[in-house]
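Student: Could you have a look at this structure, given as structure tokens, before my questions?
The values are calculated or read from the model by the stated rules, or taken from the named source; none is laboratory data. Quantities reported herein were computed from a predicted structural model and do not represent experimental measurements. Don't worry about glycine lacking a Cβ; one is built from the backbone with ideal geometry, like all the others, and counts go over all protein chains shown. When the accessible area is computed, the model is the full protein with side chains, heavy atoms only, and any ligands, DNA or RNA have been set aside. Shrake-Rupley method; radii C 1.70, N 1.55, O 1.52, S 1.80 Å.
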Amino acid sequence: MEADDHAVDDIVRRLQAGERSALAEVYDRHHEYLRRFATRLLADEHAAEDLVHDAFLALPKAVMRFEGRSTLRTFLVSIALNRCRHHVRAAARRRKASERWMRLSVPKEPPDPDARYRDSELAVRLARALDRLPLEQRIAFVLCAVEERSGAEAAAMVGSSEGTIRTRLLRARRKLQVLLEDDQGGEA
Amino acid sequence: MSDLDRATEAFRAVQDRRRGDAAHTRDRLLASVVRDRRRQRGMFAAAVVLALVLTNSTTWALSTGRVSEAADELAAWLDAPSSAEPTVAPRARPAPAPSRRAAFPTPASAPERSTARPNAPPNERPNAPPPERAAAPAGSARAAPPAPSRPTPPDQGTEPPLADDLAVALADLEGRASPSEDDRERGAFATAHAVHFGDDGAARSLAAWDAYLARFPHGRFEPEARFNRAVCLLRLGRDDAARRALTPFAEGAYAGIRRRDAARLLEALSNGRLNR
């Protein structure tokens with residue numbers, strides 16, 4: 001939540017006037033939040049970094065449409081969502097490529113059943129499954145299940161209705177469940 | 001907890017552990033902004049200059065058959081065939097309305113050595129030999145231009161400076177409340193360019209380029225301004241000053257911009273082959 005409405009109005013005005021220092025200030029204030037969202041959405045550091053860069057780069061133009069109905073942070077996430085398609089594909093390609101390399105190396109010892117390793121394995125499997133979802137379902141899942149946002153908030157970010165978000169989330173969960181089971185069955 | 005819920009928690013934890021590279025992305029972002037703005041400004045400045053040139057010089061140029069002012073001017077100096085063939089046939093046009101000109105003072109230190117009328121093009125000055133053109137391939141020789149018809153310049157001192165007007169117009173177009181330094185530079189250059197290629201006379205052109213360079217000695221358009229200034233000096237017969245102005249270009253001082261043109265002019269100056 002923006003603590004000071006006047007400060008937000010001032011920085012929005014300066015962004016709209018094209019002040020580079022305003023963009024740097026907004027970046028410093030919101031980059032960690034946007035990066036965390038982008039990383040959760042894309043499950044790839046490099047793609048996330050690119051998406052963060054693109055979203056902030058688009059902000060000076062996009063902010064002309066900002067009406068203050070959401071926070072600036074939420075507005076940034078909306079911009080990122082509008083621009084994420086290309087980055088989702090890039091992240092998926094990188095993941096496939098790295099998995100091909102990993103399959104080439106056969107582990108000499110059984111993997112350590114450490115919890116952190118198990119988490120890491122689960123995360124990789126879910127990232128793989130997310131790559132196989134339609135983009136809209138992936139976005140709904142990341143916003144609602146990973147980020148734990150409300151349906152209303154997710155709908156506002158994406159620019160659709162709450163009902164649409166719930167439908168996409170439901171379909172995403174069903175498909176992901178099946179993909180995870182298949183993935184596990186394949187490894188057995 | 002379902003497998004999916006466990007996977008979701010694990011996914012969140014793993015992604016949140018990733019650090020990213022905030023500092024590098026910040027630098028990259030700000031560099032991208034600068035690069036994008038420069039590209040926009042370059043395109044915009046080119047459009048403004050082109051609009052001015054078309055408004056001021058092409059009307060006269062079309063009416064007199066001289067379209068490629070810069071190439072023709074250089075060729076006229078060097079007795080060489082024009083490097084740019086007229087692409088539009090001269091046709092009768094109504095006399096253009098007087099255009100607004102900047103009230104540039106004629107520099108006191110620049111005596112007019114030429115005996116020409118102030119606004120005469122180089123090859124129409126009285127007492128000057130007719131241009132001797134080298135043998136040129138068929139179809140590339142120029143016909144002698146007909147007597148120019150020029151708009152009568154308005155009274156100097158009653159018109160607001162064109163450069164400032166342009167700066168305001170540029171600021172308006174880009175949504176700024178007042179002109180930025182960059183707007184002022186673009187306005188000053190476009191004005192000098194229009195004076196120079198609108199053939200307002202060498203003295204007025206020189207004053208216009210001096211005005212631009214006084215305000216923006218190392219501006220974005222410095223090389224072009226200095227070269228055009230050198231051409232004005234040649235037209236005014238100030239050979240030593242012209243030589244000093246052209247030598248850096250011939251030596252490649254401006255990343256090779258106008259190097260060949262400057263070398264040709266200097267050689268013609270040395271050999272007494274300049275057509276004045």
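Student: List pairs: first residue in the range A:67-83 and under 17 Å from A:ARG29 (Cβ atoms), second residue open to solvent by 20 Å² or more (accessible area, probe 1.4 Å) anywhere in the structure, Cβ distance under 7 angstrom, at least six positions apart or on different chains.
Tutor: Going by the 7 Å Cβ cut-off, the qualifying pairs are A:SER70/A:ALA156; A:THR71/A:MET1; A:THR71/A:GLU2; A:LEU72/A:GLU2; A:ARG73/A:TYR33; A:PHE75/A:PHE66.
Student: While we're here: Looking only at the range A:151-188, count how many residues are farther than 21 Å from B:SER2 by Cβ and outside any helix (DSSP H, G or I).
Tutor: Residues flagged as farther than 21 Å from B:SER2 by Cβ and outside any helix (DSSP H, G or I) within the range A:151-188 amount to 3.
Student: Also, quick follow-up: Out of the range B:1-23, which residues are within 14 Å of A:TYR117 (Cα to Cα), facing another protein chain (nearest Cβ under 7 Å) and surrounded by fewer than 15 Cβ atoms within 10 Å (Cβ to Cβ)?
Tutor: B:ALA13
Here is a yes/no grid of residues against (1) away from chain B (no Cβ under 11 Å); (2) open to solvent by less than 20 Å² (accessible area, probe 1.4 Å):
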position	(1), (2)
A:ALA7	yes, no
A:LEU23	no, yes
A:ASP28	no, no
A:ALA38	no, yes
A:ALA43	no, yes
A:ALA58	no, yes
A:THR74	yes, no
A:ALA80	yes, yes
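Student: Separate question: Can you name the condition, by its number, that B:PRO223 falls short on among (1) surrounded by fewer than 18 Cβ atoms within 10 Å (Cβ to Cβ); (2) over 13 Å from the mean Cα position of the chain (by Cα)?
Tutor: Exception for B:PRO223: condition (2).
The rows are residues; the columns are (1) among the hydroxyl-bearing types (Ser, Thr, Tyr); (2) modelled with pLDDT under 85.
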position	(1), (2)
A:ARG69	no, yes
A:LEU104	no, yes
A:ASP119	no, yes
A:ALA155	no, no
A:SER161	yes, no
A:ARG171	no, no
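Student: Specify the residue that is nearest to the other protein chains (Cβ to nearest Cβ); the eligible residues are those in the range B:24-38 that are hydrophobic (A, V, I, L, M, F, W, C) and loosely packed, with under 15 Cβ neighbours inside 10 Å.
Tutor: Per the criteria, the residue is B:VAL34.
Student: Continuing with this model, one more query. Quick one: in the range A:165-184, of everything that is more than 9 Å from chain B (Cβ to nearest Cβ) and not hydrophobic (A, V, I, L, M, F, W, C), which residue is most open to solvent (accessible area, probe 1.4 Å)?
Tutor: The qualifying residue most open to solvent (accessible area, probe 1.4 Å) is A:ARG174.
Student: State which residue is farthest from the chain's Cα centre (by Cα) when the search covers only the range B:244-265 and only residues that are crowded, with 16+ Cβ neighbours inside 10 Å and basic (Lys, Arg).
Tutor: B:ARG264
Student: For the range A:9-21, what are the residues that are within 12 Å of chain B (Cβ to nearest Cβ) and under 20 Å from A:VAL77 (Cβ atoms)?
Tutor: Listed by number, the residues that qualify are A:LEU15, A:GLN16.
Student: Moving to a separate point now. Considering only the range A:133-150, state which residues are over 20 Å from A:ARG36 (Cβ atoms) and part of a loop (DSSP other than H, G, I, E, B).
Tutor: Correct list: A:LEU133, A:PRO134.
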